[in-house]
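J.: My questions all concern the structure below.
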2 protein chains.
Amino acid sequence: MNLTLNDLEDYARGAALLGAGGGGDPYIGRLLAEEAIKTYGAPRIISAQELDDDAVIISVAMIGAPTVLIEKACSGDDIDLLIKAMEARLGKPIDALMPIEIGGVNSCLPLVAAARTGLPLVNCDGMGRAFPGLEMVTFNVYGCDISPVVMTDEHNNQVVIDTDSAAKAEKFARSVVGEMGLSAMLSCYPLNGKQLKKWGVHGTMTLALELGQSIRLGRNGDNAVQALLSALNQTDYYSPARLLLTGKVVDVERVTRDGFSFGHCLVQSFDGEKEVNLSFQNEFLSAKSQDTFLATVPDIIAVVDSDNAEPITAETIRFGQRVCVIATSVPELMRTPEALAIFGPRCFGLDTDYLPTTTK
Amino acid sequence: MNLTLNDLEDYARGAALLGAGGGGDPYIGRLLAEEAIKTYGAPRIISAQELDDDAVIISVAMIGAPTVLIEKACSGDDIDLLIKAMEARLGKPIDALMPIEIGGVNSCLPLVAAARTGLPLVNCDGMGRAFPGLEMVTFNVYGCDISPVVMTDEHNNQVVIDTDSAAKAEKFARSVVGEMGLSAMLSCYPLNGKQLKKWGVHGTMTLALELGQSIRLGRNGDNAVQALLSALNQTDYYSPARLLLTGKVVDVERVTRDGFSFGHCLVQSFDGEKEVNLSFQNEFLSAKSQDTFLATVPDIIAVVDSDNAEPITAETIRFGQRVCVIATSVPELMRTPEALAIFGPRCFGLDTDYLPTTTK
């Protein structure tokens with residue numbers, strides 16, 4: 001299949017939802033993808049099954065604080081340099097590209113890269129959502145090397161990191177991105193076809209597109225949010241999904257530190273009787289009512305406009321918005337004990353075990 | 001020639017002097033070199049003239065805050081990895097090694113690397129002294145590329161930086177070394193033989209050895225400091241050299257910030273009538289009497305024990321020490337307008353033009 005200009009708005013909207021409030025501004029990502037598709041044509045989307053076991057697949061992403069990504073996008077040359085540098089480092093040609101996460105700008109950027117290079121894009125990712133850390137990827141959970149990690153910026157600076165620890169790679173990359181102006185292009189976890197087939201979260205590009213379509217179609221009906229919840233519950237990956245609260249944003253606290261955007265946001269029901277407190281580190285990490293956790297990572301906590309179900313990122317959420325707070329499950333691959341050791345609640349300093357989202 | 005075990009103490013002492021108070025602890029460097037020479041044999045020292053014009057020469061150094069270098073040395077494996085990684089990146093075998101600076105630990109570490117690998121070591125460096133920044137090198141002044149810059153640590157982490165700005169490379173390296181525990185192995189400015197012959201500061205390893213010998217021999221006479229000054233004044237590079245003040249250290253202020261060791265140190269004459277205030281950023285940058293600059297970078301400001309002329313680093317200087325403050329010139333190559341634009345006083349935030357050391 002191809003992902004065409006007409007699909008972009010739906011795709012970016014769906015990916016923004018799966019971005020759990022993070023992954024960078026989906027609007028910026030969409031504009032970049034639009035521009036690239038207009039210039040170079042629509043990239044071909046393939047399934048991992050179409051790849052040879054020894055095919056070479058690399059991810060293409062931006063790293064940085066979403067606060068900065070909003071204002072400092074990529075130039076295109078930095079993407080070309082990224083792929084060229086990774087190819088040089090691997091010493092073999094690259095067969096396909098993939099998103100490392102299916103959220104926000106990083107779901108759209110691989111479209112830009114695929115359009116520019118003519119390489120196919122694999123319908124999968126390594127998170128089934130967005131996460132703030134490079135180590136928080138299924139490929140790391142299940143033993144694939146993160147290295148080499150290649151980073152480039154708009155001044156054609158290039159940094160290549162080799163380490164056997166994905167957590168350490170995250171620290172190196174985070175220190176380098178500080179010198180790249182808090183946003184940079186990044187490629188990591190170069191995989192072969194066999195690894196990708198086994199440890200990828202498959203079909204997530206198509207799922208993002210379908211979720212975006214459901215929201216759009218839901219707007220013609222009574223309740224766009226309900227349409228979204230139904231669509232989520234029809235997927236294998238994101239079911240069960242449920243509405244935690246509908247209400248108004250009454251407090252937002254946000255700080256950019258160590259290359260991340262940290263903060264809290266309080267949503268109050270219109271009658272003032274219920275509150276949900278959301279914490280975030282780029283992405284929403286937890287939803288709490290008083291002292292009780294309602295949902296935690298790795299499940300997706302998303303905030304959408306209560307009227308039209310448009311996803312709202314942690315970066316753009318603001319006082320007075322009328323929103324619905326949604327929690328959805330994530331793929332099985334992301335909920336194993338091994339996975340929770342890498343991106344469970346305690347990895348983010350939350351004092352709770354993982355509470356799977358239920359339909360209660 | 002070979003640099004043997006018997007030469008090491010003199011060599012390290014001379015290099016500590018040329019280190020201008022910085023370059024890391026020369027004692028640590030000497031111990032590492034001793035160990036390597038005992039295990040692998042003494043490295044062969046050659047002149048740049050012995051190299052083919054297309055020979056490949058790389059520098060081997062440690063980067064970090066001297067405060068940390070004192071306690072966290074290299075493992076040896078990180079040196080091997082460094083050279084291997086640079087070789088892989090360049091895609092051609094390395095013919096010789098060189099020190100990037102002739103000061104402190106970085107004058108001795110190339111001995112370790114040469115002993116371990118069996119590669120010859122070129123009798124030259126890129127500073128004729130030590131400096132705190134990777135861009136402060138003759139090779140950068142005269143247009144040689146700093147990239148690729150390779151960094152490794154004792155956990156076998158490896159980072160390769162490519163940029164066309166040496167100042168930017170310094171910033172990247174400084175951010176990476178923070179994640180490597182504030183000290184790391186580094187190689188940069190891979191050169192060909194032609195470049196090295198033209199832009200190297202030649203003969204500085206031999207000069208360091210000779211200066212160290214002069215200090216040792218001077219101790220048998222009346223005045224070790226005077227013997228050192230005579231020796232300096234007999235070199236082409238470090239003449240004129242003069243004594244700025246003999247006295248007691250009465251104040252030291254030191255802080256480790258951004259991967260550097262910054263500070264001030266006040267030396268007062270024994271009669272209390274004269275004072276010299278030294279500022280440092282790893283290395284001594286300036287010597288001032290009241291508001292008058294007596295000497296500034298790139299000239300070498302060194303502090304030695306007033307009794308035996310043993311060089312004292314900015315890291316180990318302390319209240320009550322009886323010292324001589326010495327200023328010496330640097331090679332012509334380091335005093336051109338192009339050179340002063342890279343490591344003249346204003347590059348360190350000093351509010352003065354360069355004041356060449358005179359014999360006044």
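J.: Of B:K92/B:K194; A:K92/A:K194; B:K248/B:K288; B:K168/B:K194, which pairs sit farther than 19 Å apart, going by alpha carbon to alpha carbon?
T.: Check vs 19 Å cut-off fails for B:K168/B:K194.
J.: Loop by DSSP (not H, G, I, E, B), at most 13 other beta-carbon atoms within 10 Å: where is the longest site-free stretch of chain A for GluC sites (Glu not before Pro)?
T.: Here the longest segment lacking exposed loop sites spans A:72-272.
J.: Over all distinct Cα pairs, what is the inverse of the mean 1/r for the range A:1-56, reported as the Kirkwood hydrodynamic radius in Å?
T.: For the range A:1-56, the Kirkwood estimate is 12.7 Å.
J.: Counting residues in the range B:97-196 as N, plug N into 2.2 N^0.38 Å and put the Cα Rg over that result.
T.: 1.03
J.: Per residue of B:167-175, what is the mean number of Cβ atoms on other protein chains within 10 angstrom of that residue's Cβ?
T.: For this peptide, the per-residue mean of nearby foreign Cβ atoms is 4.
J.: I want to make sure I understand the PRE zone here: with the label point 7 angstrom from the Cα of A:T352 toward its beta carbon, which residues in the range A:289-328 have backbone N atoms less than 16 Å away?
T.: Under cut-off, by backbone N: A:289-303, A:325-328.
J.: Ranked from highest to lowest mean number of other Cβ atoms within 10 Å per residue, what is the order of the peptides A:299-306, B:139-146?
T.: So the peptides A:299-306, B:139-146, ranked by packing, come out A:299-306, B:139-146.
J.: To continue, here is another question. Given C-alpha coordinates of the range A:126-270, what is the ratio Rg to Rh with the Kirkwood estimate of Rh?
T.: Using only Cα positions, Rg/Rh for the range A:126-270 is 1.05.
J.: Using a 7 Å offset from Cα along Cα-Cβ at B:D54, what residues in the range B:70-114 end up with backbone N under 12 Å from the label point?
T.: Nothing falls inside the zone, counting backbone N under 12 Å.
J.: Something else: Among A:N6, A:M86, A:N277, which residue has its Cα furthest toward the positive end of the charge dipole of chain A, with +1 on Lys/Arg Cβ and -1 on Asp/Glu Cβ?
T.: Checking the options against the dipole of chain A, the answer is A:N277.
J.: Follow-up. Can you list the HN-Hα couplings for the range A:165-171, worked out from phi with the Karplus curve (6.51, -1.76, 1.60; θ = phi - 60°), rounded to whole Hz and with x for Gly and Pro?
T.: So the Karplus estimates, Gly and Pro as x, are 10, 5, 5, 5, 4, 4, 5 Hz.
J.: How high is the relative contact order of the range A:5-202, in percent, counting Cα pairs under 8 Å that sit 6 or more residues apart?
T.: 31 percent
J.: Next up: I need the inter-copy label distances for B:S269: point set 7 Å along Cα to C-beta, values in nm with one decimal, smallest first.
T.: 8.5
J.: Let me ask you something else. Which order do B:V249, B:V177 fall in if you start with the one that has the fewest other Cβ atoms within 10 Å?
T.: B:V249, B:V177
J.: Give the value in nm², to one decimal: projected area of the alpha carbon convex hull of the range B:5-202, averaged over all directions.
T.: 9.3 nm²
J.: List the residues of the range A:183-221 whose backbone N lies under 20 Å from a point placed 7 Å from the Cα of A:Y142 along the Cα-to-Cβ direction.
T.: A:188-208
J.: Calculate the tail of P(r) for chain B: the fraction of all Cα-Cα distances greater than 38 Å, expressed in %.
T.: Above the 38 Å cut-off, chain B has 10 percent of its Cα pairs.
J.: Would you calculate, for chain B, the mean residue ellipticity at 222 nm contributed by helices, counting each DSSP H stretch of 4 or more residues as -39,500 (n - 2.57) and dividing by all residues, to the nearest 500?
T.: It lands at -9500 deg cm²/dmol.
J.: With the radius of gyration and the Kirkwood radius both derived from the Cα set of the protein assembly as shown, what is their ratio Rg to Rh?
T.: Taking Rg over the Kirkwood Rh, I get 1.08.
J.: If you place +1 on the Cβ of every Lys and Arg and -1 on the Cβ of every Asp and Glu, how big does the dipole about the Cα centre of chain A come out, in debye to the nearest 20?
T.: Around 240 debye, computed over chain A.
J.: Please state the charge dipole magnitude for the protein assembly as shown, taken about the Cα centre, from unit charges on C-beta atoms (+1 on K and R, -1 on D and E), reported in debye and rounded to the nearest 20.
T.: 200 debye
J.: Just tell me how shielded A:179-190 is by partners: mean number of partner chain Cβ atoms within 10 Å of each residue's Cβ, no decimals.
T.: Mean partner shielding for this stretch: 1.
J.: Looking only at A:T313, A:T117, A:T292, which one moves most when chain A is put into a Gaussian network model with springs between Cα atoms under 10 Å?
T.: Residue with maximal mean-square fluctuation among A:T313, A:T117, A:T292: A:T292.
J.: Further, regarding this structure: Run through the other copies and list how far each one's label point is from that of A:V255, in nm with one decimal, shortest first; the point sits 7 Å from Cα along Cα-Cβ.
T.: Reported distances to equivalent positions: 2.1 nm.
J.: Something else: So what is the relative contact order of chain B, in percent, for Cα pairs below 8 Å that sit 6 or more residues apart?
T.: Reported as a whole number, the value is 20 percent.
J.: Find the centroid of the Cα atoms in the range A:82-118 and in the range B:184-252, then give the distance between the two in whole Å.
T.: Their Cα centres are 51 Å away from one another.
J.: Taking a point 7 Å out from Cα toward Cβ as the label site, list the nm distances between B:E338 and the same residue in every other copy, smallest first.
T.: Once sorted, the set of distances for B:E338 reads 5.6 nm.
J.: Once you have the alpha carbon radius of gyration of the range A:158-206, what is it after dividing by 2.2 N^0.38 Å, with N set to its residue count?
T.: Relative to the 2.2 N^0.38 Å estimate, the range A:158-206 comes out at 1.42.
J.: Where does the range B:1-99 land on the Kirkwood hydrodynamic radius, alpha-carbon pairs, in angstrom?
T.: 15.1 Å
J.: Could you pull out every one of the lysines with an alpha carbon less than 18 Å from that of B:K171, ignoring same-chain neighbours closer than 8 positions?
T.: Qualifying lysines at Cα under 18 Å: A:K171.
J.: Report the one residue of B:S286, B:V150, B:Q226 whose Cα lies farthest in the direction of the positive end of the charge dipole of chain B (charges on C-beta: Lys and Arg +1, Asp and Glu -1; origin at the Cα centre).
T.: B:Q226
J.: Continuing with this model, one more query. To the nearest µm²/s, what D does Stokes-Einstein give for the range B:310-360 at 20 °C and 1.002 mPa s, using the Kirkwood radius over alpha carbon pairs as Rh?
T.: 160 µm²/s
J.: Moving on. Give the value in nm², to one decimal: projected area of the alpha carbon convex hull of the range A:224-348, averaged over all directions.
T.: 7.8 nm²
J.: Let me ask something else. If you take the beta carbon distance between B:A88 and A:S239 as r and set R0 to 56 Å, what does 1/(1 + (r/R0)^6) give as a FRET efficiency, to the nearest 0.05?
T.: Here the calculated transfer efficiency is 0.75.
FYI, it's all coordinate maths here, none of it is from the lab. Remember, predicted model here, so these are calculated numbers, not experimental data. Quick reminder, even Gly has a Cβ in these numbers, built from the backbone with ideal geometry, and neighbours come from all protein chains shown.
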